[in-house]
Structures are given as structure tokens and as C-alpha cells.
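The values are calculated or read from the model by the stated rules, or taken from the named source; none is laboratory data. All figures in this text were calculated on a predicted structure; none of them were measured in a lab. Cβ atoms come from the backbone with ideal geometry, glycine included; neighbour counts cover every protein chain shown. Please note that ligands, DNA and RNA were not included when accessible areas were found on the heavy atoms of the full protein model with its side chains. Shrake-Rupley method; radii C 1.70, N 1.55, O 1.52, S 1.80 Å.
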Amino acid sequence: MWCQRLAWLLRGRRGSTGRRWPWLPRDPGPVLAAPARCHPTAPASPCCSWQLHQDHLELRYRSTVMRLDFVWLRDHCRSASCYNTKTNQRSLDTASVDLAIQPQAVRVDETTLFLTWPDGHVTRYGLEWLARNSYEGQKQQVMHPRILWNAEIYRQAQVPSIDCRSFLETDEGLKAFLQNFLLYGIAFVENVTPTKEDTKILAERISIIRETIYGRMWYFTSDFSRGDTAYTKLALDRHTDTTYFQEPCGIQVFHCLKHEGTGGRTLLVDGFHAAEQVLRQAPEHFELLAKVPLKHEYVENVGGCHNHMIGVGPVLNVYPWNNELYLIRYNNYDRAVFNTVPHDVVRRWYHAHRALTAELRRPDNELWVKLKPGKALFVDNWRVLHGREAFTGYRQLCGCYLTRDDMLNTARLLGLQA
């Protein structure tokens, strides 16, 4: 049944050039049981006016027109009896709110909306708070500010590496590192002692190390000790890691400890930049890549390692309220059998996938970096694809995966938008 539903949705979007998702309703006009009444603010203010409708309040504040459902307004009350400001948690039982509730009185002054409910309870909202937290306000905002880049843009930016001591010992160094990472999806730390132990100390500065089937900290050589192409000397095409996890790892740390040979440069590509180009050139391809679920799979039977991992999700993952891209899941090595959509969608998906792949493989999008002992690289695995050229000789890397939530928490505590 869900396949039929998905096929219907996809067929209904053929030829579309918009970015609106078909399962989201278009912004409805006011639903009126009776003619709406226009209420100017008291005192009158050129930046604010409101209209009372049967089930919602339409509030115009500056350039934002908000449609605020009465249930939503009662549920989000920040009074002492409804919200605990010490714990920042809701105290009101949402299920206790009458779904047909209407305010008995509404008043707006220069900065505040006042609502009196049938039981006499008064809710107060700052107009700035409403403008930020309403649906209409949220869809105009960006959750995570970024700078999209190709190789030339990144080189021109001259993003500095952070010295290891500054990174470990000062908030300023840590904040500068995190700002680079949040904006570009990659960041470097220099002068790191080339050992696994020192790399671990570095990683734990920003996040908890995520334990996976590969352990916590891992050594990485070409001994084919795991059933993965990465454990060879062969070139690796651009990809994101752990696409076969239900939640792919958020951050990957690489530190080259030794290389006695040639080649082995690391390839980095901003997947969000490539996706943005697809959106501009063929929005129907972007939309399809954001809707069609894929399976990725990792099957391993080498030595004592026996694993069968399966992750499901679209190539592009977006926040539905503002269409902001937050995760790309792209790994042609690990993509499983494509059996999640009916046949009339398959070919269109391949066209969309080909368009994204062409952007990811454009030479001017490729940033090549030679990793050397002492220089650690942090990669946003939800955004930046990485690869490798073939190499000769003995090459040893160590690294780990980090939890994204803890990194974002560290950034927010330092005052960054994350």
C-alpha cells in the first residue's frame, strides 16, 4: 500500500519545479465559520495587526503573517503553571487541552499578545518570540548556517588550521575550530602527536566517541582485515560512511600516523554544494532524491567479524518546514538492492541519481588534501563526502566516529549557532 501511495505522490509531481513537498498542505487561507473581524492593536501600531477566526488567530507582525491555532497557543503557554523555566520543560498536560478551545479575550500591545481563556487563565506571548517560533517564522530561518564550497571557494577562504595546544587548552581555539567545522563541514588540527592515544584525546575534546562495529578508536591499514574496500590500497570514490546505519555517524576523525610510499591523497567534496546545484538545475531531481527511500547494506564475514547491517533512508534528507538539507547518504559501494519503489519510479530515480553524481564528480568540486603525521582532519559525515587515491607502501591511519549531538552541544555552550 505504501508503495502505491509513494508512486501516486511521485507521479503527481512530474514536471514540478517547486520545492514544496506533496505531503505538506499548502498554506491555507483563513477557515471562517463567520466573517473575520479585524482588530488593530491597542495602542495602534504600524507593525502589528490581528484577525480573530473560528479556530485560529491571524497575527501580522512586521513582515511576518502568522496563523496561530488556538490549541497551539494554549499548549505553548509559558506561565509558571504551564512551563517550568528552571528545567525548560512543559508542565501543562497537552492532552488536557480542549481541542475546540477559543480565547474569551485577545489583546495586543506594542510587544505582547495577551489571551484570556474560558477558565480565566491568561497567556502572554512576546511578539518577537512568536515571530521566531511560529511555523511562518521557522520556514524563513536556517537551522544551521553554512558556507557551501567547491575547491576554489575553500582555497580562497584560507580557512586556518587550529594548533593542537590552542584546541585542547583554550575556549578560543576550540570555538574557532568548531566555527570552521560548522561552516565548511571540515576542519583541521595541526601539531598533533601522531599516536592513537593523542588522537583520542583530541576527539574527546568536542564529543563522545561513538562505539561501532569497528570499535572506538581504530587503526586503518591496507591489510584487508575487514571485509571492506577501504582496507586495501585501491582508490576509493567519494562517499559518506556508515550509510548502512539507521543513523549514520555524524563526524569522522582521520589522522595519518605513517606513510612510507606514494599517493594516498584524501578527496573531499561538499555534498551540500553539489545538491544545491541539482536543486537549481533540476528541482524535480532534488525532490525525488529527498523522497525515495533506499537500503544500504554491509555484510561482513572475515575472521571473527560477522556483521549484517542495513540502513534505510533517502539520499537527501531535508527539514520539511523549510526544505533545508541536513544529511546526505551517498555510498555506491554499500547501496543494497533497489527494491523500495515501483518500476515506473525507478528510471526517474536513476536520472536524478546520475545528476547528483555528475555534480559530485565535477573536478572543480574536488578538494585534494595530503594527510601527514601531526595533521588531524575532522569531517562532517552528514555533509562532506570523502575518498582516496590509490597508494603504494605502508600507510597507517587512526581515527574514530563522534556523536553529532555532543559536538553541537559543545558548540552551543560556546555561543555558536548549531
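Provide the gained length on full extension for the span Glu204 to Asn133, in nm with one decimal, where the gain is 0.36 nm per separating residue minus the Cα-Cα distance. Please report the intermediate quantities before stating the final value.
Numbers: separation 71, 0.36 × 71 = 25.56 nm, distance 3.34 nm.
Length difference between fully extended and current span is 22.2 nm.
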query: What is the magnitude of the charge dipole of the chain about its Cα centre, with +1 placed on the Cβ of each Lys and Arg, -1 on the Cβ of each Asp and Glu, and no other charges, expressed in debye to the nearest 20?
result: 800
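Of the heavy-atom accessible surface of the stretch 151-414 (probe 1.4 angstrom), what whole percent is carbon and sulfur? Spell out each step's value before the answer.
Details: 5570 of 11070 Å².
With neighbouring chains kept in place, the figure for the stretch 151-414 is 50 percent.
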task: Mind ranking 279-291, 403-415 by how tightly packed they are, going by the mean number of other C-beta atoms within 10 angstrom, highest first?
output: 279-291, 403-415
field: Cα-projected label distance for Lys372 with Ser81, points at 7 Å along beta-carbon direction, nm
entry: 6.9
- prompt: Calculated from DSSP H runs of 4 or more alone, at -39500 (n - 2.57) each and per residue, what is the 222 nm mean residue ellipticity of the chain, nearest 500?
  reply: -7500 deg cm²/dmol
statement: Residue by residue through the stretch 167-172, the couplings from Karplus 6.51 cos²θ - 1.76 cosθ + 1.60 with θ = phi - 60°, in Hz, x for Gly and Pro, are 4, 7, 10, 10, 5, 5
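Which whole-number percent gives the relative contact order of the stretch 299-418, counting Cα pairs below 8 Å spaced six or more residues apart? Please report the intermediate quantities before stating the final value.
Working: 42 pairs, mean separation 18.0, N = 120.
Relative contact order comes out at 15 percent.
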- line: A correct Karplus calculation of ³J(HN,Hα) over the stretch 387-396, with 6.51 cos²θ - 1.76 cosθ + 1.60, θ = phi - 60°, whole Hz and x for Gly and Pro, returns x, 7, 8, 4, 9, 10, x, 8, 10, 10
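Gain in length, Asn307 to Ile213, computed as 0.36 nm per residue apart minus the alpha-carbon separation, to one decimal in nm?
Working: separation 94, 0.36 × 94 = 33.84 nm, distance 0.80 nm.
Roughly 33.0 nm would be gained on extension.
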- line: Among Lys196/Lys233; Lys86/Lys200; Lys175/Lys196; Lys200/Lys258; Lys139/Lys291, the pairs whose Cα-Cα distance exceeds 28 Å are Lys86/Lys200
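Restricting to DSSP loop positions (anything but H, G, I, E, B) with no more than 11 other Cβ atoms inside 10 Å of their own Cβ, which trypsin sites (Lys or Arg not before Pro) remain in the stretch 80-147? Before the final figure, lay out each step's value.
Working: sites: Lys86, Arg90, Arg107, Arg124, Arg132, Lys139, Arg146; in loops: Lys86, Lys139, Arg146.
Those that pass, being in a loop and sparsely packed, are Lys86.
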message: For the stretch 87-161, which GluC sites (Glu not before Pro) pass both filters: DSSP loop (anything but H, G, I, E, B) and at most 12 other C-beta atoms within 10 Å?
response: Glu110
task: Order these peptides, 190-197, 263-270, 204-211, by their mean beta-carbon neighbour count within 10 angstrom, highest first.
output: 263-270, 204-211, 190-197
message: Contact order normalised by length for the stretch 151-414, with contacts defined as Cα pairs under 8 Å and 6 or more residues apart; what percent is it?
response: 37
field: Calculated FRET efficiency for the pair Asn317/Gln158, C-beta based, R₀ 25 Å, to 0.05
entry: 0.20
- prompt: Can you give the extra length, in nm with one decimal, that the chain gains between Asp69 and Val346 once fully stretched, where that is 0.36 nm per residue apart less the Cα-Cα distance?
  reply: 95.7 nm
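For the stretch 48-136, which whole percent of the accessible surface, found with a 1.4 angstrom probe, sits on carbon and sulfur atoms? Intermediate values should be presented prior to the final figure.
On the way: 2170 of 4750 Å².
Within the stretch 48-136, the accessible surface is 46 percent carbon and sulfur.
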query: Farthest toward the dipole's positive end in the chain, which of Ala355, Thr64, Ala235, given Cβ charges of +1 (Lys, Arg) and -1 (Asp, Glu) about the Cα centre?
result: Ala355
Distance from the stretch 266-341 to the stretch 166-195 (C-alpha centre basis), Å: 28
message: For the chain, I need the span (max minus min coordinate) of the C-alpha atoms along each principal axis, in Å, sorted largest to smallest.
response: 79, 56, 44
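Any idea of the accessible area per residue across the stretch 48-136, 1.4 Å probe, to the nearest Å²? Display every interim value, and only then the final one.
Numbers: 4750 Å² over 89 residues.
On a per-residue basis, the stretch 48-136 sits at 53 Å².
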field: Label point distance in nm, Tyr326-Phe338, each placed 7 Å from Cα along Cα→Cβ
entry: 2.7
